[in-house]
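S.K.: The structure that follows is given in the form of structure tokens.
The values are calculated or read from the model by the stated rules, or taken from the named source; none is laboratory data. Not measured: the values here are computed from a predicted model. So basically every Cβ, Gly included, is an ideal-geometry build from the backbone, and we count neighbours across all protein chains shown. Accessible surface areas use protein heavy atoms only, side chains included; no ligands, DNA or RNA. Shrake-Rupley method; radii C 1.70, N 1.55, O 1.52, S 1.80 Å.
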Protein chains: 2
Amino acid sequence: MTTYRPVAPGDLDLICRHRHEMFKASGRTDAMVQPSTDAFRAWLKPRLDDGAYFGWIAYLDGIDAAGLGMMVIDWPPHPSHPLQSRRGYVLNVFVEPRVRGRGLARALMDMAMAEAKRRNLEYLILHATAMAMPMYGKFGWRRTSEMAMTLPVQQSQDG
Amino acid sequence: MTTYRPVAPGDLDLICRHRHEMFKASGRTDAMVQPSTDAFRAWLKPRLDDGAYFGWIAYLDGIDAAGLGMMVIDWPPHPSHPLQSRRGYVLNVFVEPRVRGRGLARALMDMAMAEAKRRNLEYLILHATAMAMPMYGKFGWRRTSEMAMTLPVQQSQDG
């Protein structure tokens with residue numbers, strides 16, 4: 001029996017752990033992920049407190065076994081959402097390896113879709129790990145044409 | 001001889017026209033693009049006035065022949081920008097068809113890169129038209145794993 005609950009401020013460490021494990025599952029080491037996990041924790045805390053970051057946790061077999069986070073981000077009006085200056089962003093989707101294949105990701109995504117409809121969001125985005133991309137394809141997500149570039153920087157936190 | 005200048009509040013209509021033509025160049029009709037162009041204009045005006053939207057215009061053969069826009073968007077710290085909670089976003093890149101192949105996009109992108117370095121931005125994104133994707137590849141941009149989904153909505157502008 002799986003139960004689902006909305007994330008709450010007390011889930012700060014759990015969400016950070018899920019995000020950390022998600023990035024490790026995409027081929028990164030602990031050492032590669034830890035700096036962003038630490039910065040993400042400081043970034044997340046006020047947003048989890050005020051509800052700007054929301055989402056759901058799946059509880060199964062005595063553990064918080066999976067999670068999904070969501071935000072509404074500002075975005076210029078675009079042909080895919082012509083009258084809305086915002087997008088829904090789904091992030092930190094993670095399912096503990098031992099409970100994969102039991103529909104938890106699907107159930108969490110259904111909650112995200114229901115919440116998106118409730119908020120009248122027209123356009124949603126996410127970034128998929130290579131492993132998860134086929135699953136999202138089955139859920140109806142399609143790849144975009146986003147491209148990225150990394151630049152060398154002065155390493156100091158900008159908050 | 002091509003000259004370049006930063007965008008200014010008086011470029012509101014020009015930028016909207018470039019964005020409109022850019023979306024038409026990706027296979028959309030005027031009728032498909034116009035609602036988002038109108039909403040984008042209202043969205044852009046205050047951001048062009050206060051500098052949240054910035055960029056450059058190329059002037060050549062007596063016309064404002066090309067343009068590129070840029071913003072700094074909030075984003076959770078991520079392994080690609082572990083200590084920064086922001087990304088640079090490049091948008092509205094458009095070159096008039098009759099002056100293509102003369103290096104204007106490259107020159108505009110070099111200005112965006114220089115500005116990104118000046119602002120110490122570690123990670124930049126853009127969304128490419130199918131036509132422009134190979135060009136961005138040559139400039140060093142790489143596709144991301146972004147995926148998207150469109151949902152049915154109540155059509156009313158949300159500002």
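S.K.: For peptide B:69-80, what's the mean number of Cβ atoms from other chains within 10 Å of each residue's Cβ?
M.R.: Across the residues of B:69-80, the mean count of other-chain Cβ atoms within 10 Å is 6.
S.K.: Another question, then. Under 5 Å between amide hydrogens, which residues at least 5 positions from A:ALA65 or on another chain qualify, with H placed 1.01 Å from N in the peptide plane?
M.R.: The answer is A:ALA58, A:TYR59, A:LEU60.
S.K.: Further question on the same structure: Enumerate the amide H contacts of A:VAL93 below 5 Å, restricted to partners 5 or more residues apart or on another chain; note that Pro and chain-start residues carry no placed amide H.
M.R.: Hits under the 5 Å cutoff: A:GLY69.
S.K.: Just need log10 I(q)/I(0) for segment A:83-152 at q = 0.12, 0.14, 0.19 Å⁻¹, Debye formula, equal scatterers on the alpha-carbon atoms, no solvent, rounded to two decimals.
M.R.: Values, matching the q order: -0.39, -0.52, -0.88.
S.K.: So, one more: Can you give me the Kirkwood hydrodynamic radius for segment B:1-48, using every pair of distinct Cα atoms, in Å to one decimal?
M.R.: 11.6 Å
S.K.: Of all the accessible heavy-atom surface of chain A, with the other protein chains kept in place and a 1.4 Å probe, what percent is carbon and sulfur?
M.R.: 53 percent
S.K.: Which of the trypsin sites (Lys or Arg not before Pro) found in segment B:78-159 are loop residues per DSSP with 10 or fewer other Cβ atoms within 10 Å of their Cβ?
M.R.: Hits after loop and neighbour filter: nothing returned.
S.K.: Per residue, what accessible area does the protein assembly as shown have, given a 1.4 Å probe and all protein chains present, in Å²?
M.R.: 45 Å²
S.K.: List the accessible area buried at the contact between A and B, summed over both sides and calculated with a 1.4 Å probe, in Å² to the nearest 100.
M.R.: 5800 Å²
S.K.: Once amide H atoms are placed 1.01 Å from N in the peptide plane, what residues at a sequence separation of 5 or more from B:GLN84, or on another chain, have their amide H within under 5 Å of its amide H?
M.R.: B:HIS78
S.K.: With a ≥ b ≥ c taken as the square roots of the eigenvalues of the C-alpha gyration tensor of segment B:1-151, please select rounded if a/c is under 1.5 and otherwise prolate if a/b is larger than b/c or oblate if it is not?
M.R.: Note, shape of segment B:1-151 comes out rounded.
S.K.: Per-residue mean of other chain beta-carbon atoms within 10 angstrom of the beta-carbon, peptide A:32-39?
M.R.: 4
S.K.: For B:ALA42 and B:ASN120 in the same chain, what is the full-extension length gain: residue separation times 0.36 nm, less their Cα-Cα distance, in nm?
M.R.: Residue separation times 0.36 nm, minus the Cα-Cα distance, leaves 25.2 nm.
S.K.: For segment B:16-78, which trypsin sites (Lys or Arg not before Pro) are in a loop by DSSP, counting at most 16 other Cβ atoms within 10 Å?
M.R.: B:ARG28
S.K.: Would you mind estimating how fast segment B:1-90 diffuses translationally, via Stokes-Einstein at 20 °C and 1.002 mPa s with the Kirkwood radius over Cα pairs, in µm²/s?
M.R.: Roughly 147 µm²/s, to the nearest whole number.
S.K.: Test of understanding: express the Cα radius of gyration of the protein assembly as shown as a ratio to 2.2 N^0.38 Å, with N the residue count.
M.R.: Taking N as the residue count of the protein assembly as shown, the ratio is 1.04.
S.K.: When the dipole is taken about the Cα centre of the protein assembly as shown, and only Lys, Arg (+1) and Asp, Glu (-1) are charged at their Cβ, what size is it in debye, to the nearest 20?
M.R.: For the protein assembly as shown, the charge dipole is close to 780 debye.
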